[in-house]
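Here's the structure, in C-alpha cells; my notes come after.
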Amino acid sequence: MQVIRTIAEMQAQSRSWSRQGIAIGLVPTMGFLHEGHLSLVDIAKEKCGAVVASIFVNPMQFGPKEDFDNYPRDEARDLAMLEAHGTDVVFIPQTDEMYPKGFETRVELTRLPNHLCGLRREGHFRGVTTVVLKLLAAVQPDVAVFGDKDYQQILVIRRMVCDLNLSVEVIAGPTVREPDGLAMSSRNSYLSPEERRTAACVFQALQRARQMVNGGAVDPIMVRRSMTEAIEQNGAQVDYVAVVDPETLEELQIIKDRAHAAVAAFVGRTRLIDNLRLKG
Ligand code: AMP
C-alpha cells in the first residue's frame with residue numbers, strides 16, 4: 001500500500017492505472033476509521049482493480065463553532081486498517097495542498113442543501129461538494145463509494161455528479177451499526193460511557209418511526225412526535241427529526257408511497273445523525 005500526499009503524484013498514479021485499463025475506486029473519508037468506512041473499501045475493492053481511500057479533514061465543511069480542531073485523528077491506525085482491507089493507495093493531502101493560497105472556487109447546490117443538516121450547518125454542503133469535486137479531480141476514479149449514513153450528502157453528491165457531467169459512478173454503501181443499532185461514526189469516540197448508552201436512542205427513534213408507518217401511520221406530525229419522545233426520554237436533545245421525500249428531502253404533509261426519516265440529536269455535546277427508509 002502506497003501513501004500519496006500530493007495531487008500531482010495522485011493524478012500520475014491514476015493515469016498509469018487508467019492506461020493499463022484498471023478501474024479505480026475512491027472512498028473519501030475524514031479518517032479515524034471504523035467498520036463503516038472499511039465496508040465502503042470492500043465495496044470499492046469488489047468493483048475495481050485499484051482502490052484509493054482518501055483521508056482529509058476538510059476545514060471548509062466545518063462551521064466556526066464546530067469540532068474541526070478536535071476532530072479525532074490517528075493516521076497510523078487508519079493506515080493499518082486500510083492495508084488490512086487491501087487498499088492500494090491512501091491519499092492524504094495537507095490542507096494547503098487542497099486549498100493553496102489564492103484558492104477561491106466554491107461548488108454549491110441551490111436546493112438539496114436547504115433541508116435537514118444543511119439548515120443546521122450553514123455552508124456545510126458547499127464545503128462537501130467543493131472538496132469532493134477536488135478529490136474526484138485528484139483521483140479520477142471510475143467509481144466513488146459513499147455511505148448511506150450521510151443520506152443528504154449522498155443525494156447532494158449524486159446531484160453534483162449529474163449536473164456537472166462527471167464521469168464517475170456513485171455507489172452508496174449501507175450503514176454499518178453497533179450491536180445496539182448506533183450507526184458507527186468517528187464522532188462516537190467523543191461519547192462518555194454513559195452517553196454511549198444514551199446514543200442508542202437515535203436509532204431506536206428511527207425504528208419506532210418505521211414501526212408506526214408499517215402499522216399504517218400516515219401523519220408525519222405523529223411520527224415526528226414519537227421520534228422526539230424516544231430521543232428526549234433518554235436524555236438526548238433533538239436537533240431535528242424529519243419525515244421527508246427520499247429524493248427531494250422536502251417535508252411530507254402525508255405519508256403515502258415513499259418516506260424517509262432523518263434525525264440529528266445531541267448526546268451531551270456530541271451531534272449524531274442517522275436516517276432510515278420508512279416506506280418505498
Ligand atoms: P466521514 O469520515 O465521516 O466523512 O465518512 C466517510 C464516508 O464513510 C462517508 O461516505 C460516510 O457516509 C461513510 N460512513 C460513515 N459512517 C458510516 C457507517 N456507519 N456505515 C457506512 N458508511 C459510513
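Over the chain, dividing the summed -39,500 (n - 2.57) contributions of all DSSP H runs of at least 4 residues by the number of residues returns a 222 nm mean residue ellipticity of -11500 deg cm²/dmol.
Cα centroids of the range 217-280 and the range 98-147: 24 Å apart.
So which aspartates and glutamates can K65 reach, going by Cα to Cα under 20 Å and dropping same-chain residues fewer than 8 places off? Correct list for K65: E122, D239.
Measuring nothing but protein heavy atoms, the accessible surface of the range 2-173 at 1.4 Å probe radius is 47 percent carbon and sulfur.
Most tightly packed first, judged by the mean number of other beta-carbon atoms within 10 Å of their residues, the peptides 24-36, 205-217 read 24-36, 205-217. Taken one residue at a time, the phi angles of the range 141-156 give Karplus couplings (6.51, -1.76, 1.60, θ = phi - 60°) of x, 7, 9, 10, 10, 10, x, 4, 3, 9, 5, 5, 4, 4, 4, 4 Hz. Gly and Pro are set to x. A simple packing score, the average count of other Cβ atoms within 10 Å per residue, orders the peptides 61-70, 8-17 as 8-17, 61-70, with the highest score first.
Here's how it looks for K149: its modeled amide H is under 5 Å from those of T175, which are all 5 or more places away or on a different chain.
Taking all protein chains into account, the per residue accessible area for the chain stands at 48 Å² (1.4 Å probe). Accessible area of the range 186-275 with a 1.4 Å probe: how many percent of it is carbon plus sulfur? Of the solvent-accessible surface of the range 186-275, carbon and sulfur hold 46 percent. Shape analysis of the range 2-173 yields a ratio of the Cα radius of gyration to the Kirkwood radius, Rg/Rh, of 0.94.
Working ranking of peptides 172-184, 246-258 by packing, defined as the average number of other Cβ atoms within 10 Å per residue, highest first, is 172-184, 246-258.
Note down the relative contact order for the chain as a percent, whole number, built from C-alpha pairs under 8 angstrom at least six residues apart. Here the relative contact order equals 18 percent.
The values are calculated or read from the model by the stated rules, or taken from the named source; none is laboratory data. Note that the structure is a prediction, hence the values are computed from the model and not measured. Neighbour counts are summed over all protein chains in view; Cβ atoms, including those assigned to glycine, are modelled from backbone coordinates with ideal geometry. Accessible surface areas use protein heavy atoms only, side chains included; no ligands, DNA or RNA. Shrake-Rupley method; radii C 1.70, N 1.55, O 1.52, S 1.80 Å.
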